[in-house]
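FYI, it's all coordinate maths here, none of it is from the lab. Since we're looking at a predicted model, the values are computed, not measured. Here the Cβ positions follow ideal geometry from the backbone for every residue, glycine too, while neighbour counts run over all protein chains shown.
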Amino acid sequence: MATSSSKQIKDMTSKIAQVDSVERFLTRVREEFADLSPQLQAIARYFEQNRASVTVDRIQVIAANCAVQASAVVRFAKRFGFNGFSELQALYRNEFTTRTSPALSYRHRIRSLLGTGSAPMRPIDVGRELIAASIAGLQDLSGKLDAAALDAAVTRLARAQSIYIAAVRRSFPAAMYLAYALQHTAKPVHLLAGLGGMLHDEIRAIGKRDVLIAISFQPYGRETQYSVRAARSRGASVIAITDGQLSPIAQHGDIVLTVTEGTAFAFRSLTSTISLCQTLFIALASRLELDLSQTHDQDREESDD
C-alpha cells in the first residue's frame, strides 16, 4: 500500500515538474484531451487559443467565454497539477509578459478606459482597437508559424491533382480569396460552397491524389467538419487552417496550420487568416515556378474590363 501511495505521489510530482512552460503544458493537455469532460475541453481550447489574453483575464471572464462556471476553470487547473487558477495564470504571465507586443498593450489600455466608462466610444477608438487586434494577431502568427508544416502544405498542394477548399460563414471570405488566388495556377480548384444543399455532391469526386484545404474556427462549421471526414474517407489529404491543435478540424488533418485571430468588441479579425492564405498561394506559385508578374497583369486587365 505504501509503495502504491509513493508511486502516485512520484507520478504527480513528475507531472508537475513537466509543466514548466506553456508549450509543455499544452502538450500534456493535447495528450489527455480525449479524456476530459466537454466543459474541460472547452477550457482547454480557450487556454490554447488565447495565450496572451489569459495573462490578464480574470477567472470570471475566462469562465464566461467558455460558458462554464469559474469552479470549472479551477478544476481544470488542478487537473493538470496546479494549485489553482492563479498558479496556472502565473505560468502564462511568466512566459508572455516579457514579450508583450505594443499593440497588445494598447488594447489593454483601451479596454481599461472603456471598462471604466471614463471615455466615450468614439469611432477612432473603435478603429484603433480593431487595428490593434489585427496587429496582435499578425504578430502571433509570425511568431508561431510552423515552418515544417507550411513547407509540407506547399509540397502537398504542388503534388495535388485537384485542390478542394471548404469553409463556411466567417471563414468563407478567406476560402473565396484562396480559391481566386489558386485559379492562377494550372491546378483544378473546387470551392465547396454548398449552394442549394449540394455539398455532398460537390465533394463526392475528391480522390486520393487530391487535397482539401479546410478553414474553420470555433465553433467549427458542421459543413466543414463533414467535408474533412468525407475527404479522409476517400483517401484525400487534408490541410487544416484552424485555431489550435485541439480543434476537431486539426484532429483529422494531415497538416495543421494554426491561426489565432485578434478579437475586438466580440468580432474576430480575418487579417491573419488572409495573410496565411496569401502565403500558401505565393509559396506554391514559387514552387511551381509561376511568373507572379503575369498574375498581377491579369488582375489589372480584369479591373479594366
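Averaging over all projection directions, find the projected area of the Cα convex hull of the range 124-282 and quote it in nm² with one decimal place. Across all orientations, the range 124-282 yields a mean hull projection of 9.3 nm². Taking the fewest neighbouring Cβ atoms within 10 Å as the starting point, the ordered list for E23, E95, E48, E289 is E289, E23, E95, E48.
Can you sort C277, C66 by how many other beta carbons sit within 10 Å, fewest first?
Least crowded to most crowded, the residues run C66, C277.
A protection proxy built from the mean count of other Cβ atoms within 10 Å ranks the segments 253-261, 124-132, 229-237, most packed first, as 253-261, 229-237, 124-132. Averaging Cα coordinates gives a centre for the range 121-194 and one for the range 27-78; these two points are 26 Å apart. Most tightly packed first, judged by the mean number of other beta-carbon atoms within 10 Å of their residues, the peptides 153-162, 209-218 read 209-218, 153-162.
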